[in-house]
Number of protein chains: 4
Amino acid sequence: MGKVRVTIWNEYRHEVLEERIAKVYPKGIHGAIAEMLGRHMDYEIRTATLDEPEHGLTQEVLDNTDVLIWWGHMAHNEVSDEVVERVCKRVLDGMGMIFLHSGHHSKPFRKLMGTTCNVKWRENDEKERLWIVDPSHPITAGLPEYIELPKEETYGERFDIPAPDELVFISWFSGGEVFRSGCCYRRGKGRIFYFRPGHEEYPTFYREDITRVLINAVEWAKPFEYPKLTFDHVPTPYEDIPLKQRH
Amino acid sequence: MGKVRVTIWNEYRHEVLEERIAKVYPKGIHGAIAEMLGRHMDYEIRTATLDEPEHGLTQEVLDNTDVLIWWGHMAHNEVSDEVVERVCKRVLDGMGMIFLHSGHHSKPFRKLMGTTCNVKWRENDEKERLWIVDPSHPITAGLPEYIELPKEETYGERFDIPAPDELVFISWFSGGEVFRSGCCYRRGKGRIFYFRPGHEEYPTFYREDITRVLINAVEWAKPFEYPKLTFDHVPTPYEDIPLKQRH
Amino acid sequence: MGKVRVTIWNEYRHEVLEERIAKVYPKGIHGAIAEMLGRHMDYEIRTATLDEPEHGLTQEVLDNTDVLIWWGHMAHNEVSDEVVERVCKRVLDGMGMIFLHSGHHSKPFRKLMGTTCNVKWRENDEKERLWIVDPSHPITAGLPEYIELPKEETYGERFDIPAPDELVFISWFSGGEVFRSGCCYRRGKGRIFYFRPGHEEYPTFYREDITRVLINAVEWAKPFEYPKLTFDHVPTPYEDIPLKQRH
Amino acid sequence: MGKVRVTIWNEYRHEVLEERIAKVYPKGIHGAIAEMLGRHMDYEIRTATLDEPEHGLTQEVLDNTDVLIWWGHMAHNEVSDEVVERVCKRVLDGMGMIFLHSGHHSKPFRKLMGTTCNVKWRENDEKERLWIVDPSHPITAGLPEYIELPKEETYGERFDIPAPDELVFISWFSGGEVFRSGCCYRRGKGRIFYFRPGHEEYPTFYREDITRVLINAVEWAKPFEYPKLTFDHVPTPYEDIPLKQRH
């Protein structure tokens, strides 16, 4: 297998519209993540943003993506349904996908989950701790038992998602909330990871520990040689049982 | 709590269009299920079908339904998106829902699952055995360890669904297939049960054992006094942590 | 079905040995729970303690118990292996079981889980909040979205348990920890609920909200008409396939 | 990381005691598996058997094992409790473990599961088909959608295990049974895979498809750089909350 092909999608609006955000992420959140991943791994990295044609996610781009990372927030509704459909189909066909932070409310995440994906939230510079609850999971490789972020946006339960197939992190916030912060899903042939941190006001994506989680998640979600499946009408595969004569 | 209010929705096309099916279900599949449930339980039962206005599923009907049973097959695409949206929203708000047989490919099931829900299938009069794999589940109350159906349509894996939150039955078919036949899901506040049997050509819904499964599923899926949840922006609920002054 | 038969087992040492604990629970923790359950439900309630013969858990008592509630802490090792074996067998045969607080380290819980069940802990009078993460679960019936305990012992992840079959509550502690506080397991025909609160120094078991959780858990865990299962050698149950002649 | 260190443990009694079994596995089942794995992978392979001192599983051997494969059947009870304890502890500490066929009733499997692990069984030369039910799982890499074994021992549900954390295969048997044949568990830091096939009378372990499953399972279960966890008493890790002065 060649290099893992990672596409980092970012809404890229806050960084353009708000000076204080641009100061935190001068190259955009996608640029920061791309740089951090590239520092550690020999991935083939590409970025795409909302305001590019087809949001930068043409069929060709998706067909050449092993793992898609998604950050969106203020403009979820501007993502076209056609691209959402295309992305979800690729996930079910085996592309890995990582949703970051407010991506919990993005169209593709909600479509893949089938629920509202609603949360509580509060911008209050609170401390967050992401505690590992499943150390048998490869997404925890090389991490300390918790990651502490001195200031982050607060999210709180009830997070209206299907119970994760594998729950990796639970967050504690100084203001009194908890949150299922690292959630793995298997949908079709694809693997999906939701990871909570990454509010645009904080330099979360420059951190080595957060980068390690993203790399671990890419490694977990990247495609392998999937089994070949068939669907729909099938003649009986068991030679000893005759097809009935009917109709 | 008053009587459990059960609405049985049936596409009701095969029984109208095909004489041989009408012979099996002269009052429609919904009529057969209604009669069987009513024989054992003091439910408030209502039926609804595709060709009624709004498919018989007005907001008022849904608001007065505790558990919705769904049978559909040849006309999935004729179900309006508006009604699908309404049904799914009610499930997330706590209405129980039971999808039967080819309802695996109905719009509301696919929307709630987020996957293709594709299967293998074959009409070959094969024998089916539904084996209990989780005897701790109340849907198995009072059942033998397997239910044998002398002739049924065959479904086969891979069934493209999220892994069930609780897997209750696995079917064996004489032609060589297996199938996850009794699948429980929790979505929002609602509980969803997918139950495989019930091809229109066979008198499956007149059986006592199948009826027992449906009653058990209604009991499992019916609403209770749900906890009250809040979402979206919340001020800090922990009195000792001051809100920052910002922006 | 007759009245639900609930047996409340308590180690009953702290209350006897330490005056300050006796002040909190003058009738023992078992006495407090028995009184609170009895105030709301018409259960047939019995109590049993460590220092009774066979710890009060004879085969006859267990055979006449629908749901067993267990509180233990300082004397886990004094529980005889024979009684542990007896209790676990009854759970697998369908008796419901609720483990409270430090019961996480009791012999029957560890045996049923197959893991160390280790936790972090700290006695620091911290505030605890138990957040509901699964409002579709009947154990949450009638509850607010979180239960706040002004002072409790702190437990923290990593809690070394198998991933719960259903995760109902996650606790937040003011000192910086989170904990999976309401964990459901299905083992054999039985249902097991682990519920974190209830340190002996605090009047937690006199609370109405905690009592409601216990009642909900009893209702969820109590036996139903279990399906009859067979095991071991079976002749072929499918009449068309002959037994081979061999050996 | 160096080579993956795989230890193949075999009871090795049938092959010694029964000539017809020796003909199928002249080098023992362990020998056959070792040869097949070695043909494809550059693993550091070691074997161990029941009648060696400490069953060949000294602390040193286990400390130098990444993944332990276990085949046992007629002599489960001869495995010493001390070795069982040692093996289970290593699994919880992160060693991968693969249980084959009748290993479902071995002491370490039952101890790790906490249930009886009972099954139905029949020796009847029936056909088995292992259907993939989770194509997103790396244990299915490179496989066809089902593996057909022309003759195998039949196992049937109810298989008295905890619901698998990930269910990969379900078997169909020509005599009328189904079985959860590929079951993944996460316990402590370790990953456990139960794989049904491999009765001693059949040359199952010489097959390329079965070997592929075993290799995939080794890759899935092999240790990674586990996060460092702490347990037991901890001072408050959150600097802003003072420890109370008490007692």
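Select, from D:Arg129, D:Arg122, the only residue that is within 11 Å of chain C (Cβ to nearest Cβ) and either within 18 Å of the chain's Cα centre (by Cα) or not aromatic (Phe, Trp, Tyr) (or both). Before you say what the answer is, go through the steps one by one.
Working: D:Arg129 fails: within 11 Å of chain C (Cβ to nearest Cβ).
Going through D:Arg129, D:Arg122 in turn, the sole match is D:Arg122.
The sole residue among B:Met41, B:Met36 that is surrounded by fewer than 20 Cβ atoms within 10 Å (Cβ to Cβ), closer than 20 Å to B:Ile210 by Cα and in contact with a Phe, Trp or Tyr (Cβ under 8 Å, 6 or more places away or on another chain) is B:Met36. All conditions in (1) part of a strand (DSSP E or B); (2) within 14 Å of chain D (Cβ to nearest Cβ); (3) closer than 25 Å to C:Ala75 by Cβ; (4) in contact with a helix residue (DSSP H, G or I) (Cβ under 7 Å, 6 or more places away or on another chain) hold for C:Arg191, with the sole exception of (3). Residues in region A:209-247 that are in contact with a strand residue (DSSP E or B) (Cβ under 8 Å, 6 or more places away or on another chain), under 18 Å from A:His137 (Cα atoms) and either at pLDDT below 95 or part of a helix (DSSP H, G or I) (or both): A:Asp209, A:Ile210, A:Val213, A:Leu214, A:Ala217, A:Val218, A:Trp220, A:Ala221. Across region B:141-166, the number of residues qualifying as over 16 Å from the mean Cα position of the chain (by Cα), within 11 Å of chain C (Cβ to nearest Cβ) and not in a strand (DSSP E or B) comes to 5. Taking the condition of being more than 10 Å from the chain's Cα centre (by Cα) and not small (Gly, Ala, Ser), how many residues in region B:66-107 meet it? Of the residues in region B:66-107, 23 are more than 10 Å from the chain's Cα centre (by Cα) and not small (Gly, Ala, Ser).
Residues are listed down the side, and each one gets a yes or a no for (1) of a type in the set (D, E, K, R); (2) under 21 Å from C:Ser106 (Cα atoms):
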site	(1), (2)
C:Lys127	yes, no
C:Pro138	no, no
C:Glu153	yes, yes
C:Glu157	yes, yes
C:Cys184	no, yes
C:Phe193	no, yes
C:Gly198	no, yes
C:Thr204	no, yes
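Of the residues screened, A:Gly182 is not one that is over 23 Å from D:Cys184 (Cβ atoms) and modelled with pLDDT of 95 or more.
Of the residues B:Tyr202, B:Tyr206, the single one that is farther than 26 Å from D:Ile170 by Cα and out of contact with any Leu (no Cβ under 9 Å at 6 or more places or on another chain) is B:Tyr206.
Taken together, the criteria place C:Gly114 among residues that are at positive phi, buried (at least 20 other Cβ atoms within 10 Å of the Cβ) and at the interface with another protein chain (Cβ under 8 Å from one of its Cβ atoms). Take region D:150-175 and flag every residue that is surrounded by fewer than 21 Cβ atoms within 10 Å (Cβ to Cβ) and over 24 Å from B:Pro164 (Cα atoms). Hits for region D:150-175 are D:Pro150, D:Lys151. For region A:117-140, a residue qualifies if it is of a type outside the set (Asp, Glu), under 19 Å from A:Glu200 (Cα atoms) and assigned to a strand (DSSP E or B), and the qualifying residues are A:Lys120, A:Trp121, A:Arg122, A:Asn124, A:Lys127, A:Arg129, A:Leu130.
Taking the condition more than 14 Å from chain D (Cβ to nearest Cβ) and either in a strand (DSSP E or B) or without any contact (Cβ under 8 Å) to a residue 40 or more places away in the chain (or both), does C:Ile170 pass?
Values: more than 14 Å from chain D (Cβ to nearest Cβ): yes; either in a strand (DSSP E or B) or without any contact (Cβ under 8 Å) to a residue 40 or more places away in the chain (or both): yes.
Yes; evaluated as a whole, the condition is true for this residue.
Given (1) more than 25 Å from C:Ser181 (Cβ to Cβ); (2) touching a His at 6+ places or on another chain (Cβ under 6 Å); (3) of a type in the set (Val, Ile, Thr), identify the lone condition not met by C:Val16. Going through the list (1) more than 25 Å from C:Ser181 (Cβ to Cβ); (2) touching a His at 6+ places or on another chain (Cβ under 6 Å); (3) of a type in the set (Val, Ile, Thr), C:Val16 breaks only (2).
I'd like to check which helices (runs of 4 or more DSSP H) are fully inside region D:1-116 and have at least 2 residues that are touching a residue at least 60 places away in the same chain (Cβ under 8 Å).
Values: elements: D:14-17, D:19-24, D:28-40, D:59-63, D:81-92, D:107-113.
Fully inside region D:1-116 and qualifying: D:14-17, D:19-24, D:28-40, D:81-92, D:107-113.
Counting residues in region A:203-223 that are at the interface with another protein chain (Cβ under 7 Å from one of its Cβ atoms), of a type outside the set (Phe, Trp, Tyr) and in contact with a Phe, Trp or Tyr (Cβ under 6 Å, 6 or more places away or on another chain) gives zero. Scan region B:131-148 for residues that are in contact (Cβ under 8 Å) with a residue 40 or more places away in the chain and under 25 Å from D:Glu148 (Cα atoms) and the total you get is 1.
The values are calculated or read from the model by the stated rules, or taken from the named source; none is laboratory data. What you see is a predicted model, and the numbers here were worked out from it, not measured in a lab. Ideal geometry is used to build each Cβ from the backbone, glycine not excepted, and the neighbour counts take in all protein chains shown.
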